[in-house]
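Okay, structure first, notes after.
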Amino acid sequence: MLPLGLLGSGDRAEIAGIISGKQGACGAAQKGSEDICTRIENMGLRIGKAVEMLNNGGRGPLLVKVDESRIAIARGMSMKIMVKRVEG
């Protein structure tokens with residue numbers, strides 16, 4: 001597994017998990033207002049979804065394709081989304 005932010009342009013992967021910082025992995029009991037897990041899931045990035053990296057220039061936001069949507073993600077947030085590479 002590796003962070004989404006480390007995929008190169010054209011790479012495909014499957015979302016394996018989301019790290020929420022102090023609270024650990026998403027899915028555990030969480031407190032407070034809208035946390036990073038909720039924000040990521042509201043964008044359509046859920047565990048098990050296939051993603052394709054469209055643009056990763058090394059700086060700034062990333063552009064990924066999920067289903068038929070293109071989503072821009074901040075680099076810091078992308079480093080909290082763990083993925084497994086998919087060949088093909």
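The values are calculated or read from the model by the stated rules, or taken from the named source; none is laboratory data. On a predicted model such as this, the values are computed, not experimentally measured, just so you know. Ligands, DNA and RNA are excluded from the accessible area calculation, which covers all protein heavy atoms including side chains. Shrake-Rupley method; radii C 1.70, N 1.55, O 1.52, S 1.80 Å.
Some observations on this one:
- When the stretch 76-88 is limited to residues that are under 11 Å from the mean Cα position of the chain (by Cα) and assigned to a loop (DSSP other than H, G, I, E, B), the one that is nearest to Glu41 (Cα to Cα) turns out to be Lys80.
- Filtered by the rule that a residue be part of a helix (DSSP H, G or I), open to solvent by 70 Å² or more (accessible area, probe 1.4 Å) and polar (S, T, N, Q), the stretch 36-75 gives a lone residue, Asn42.
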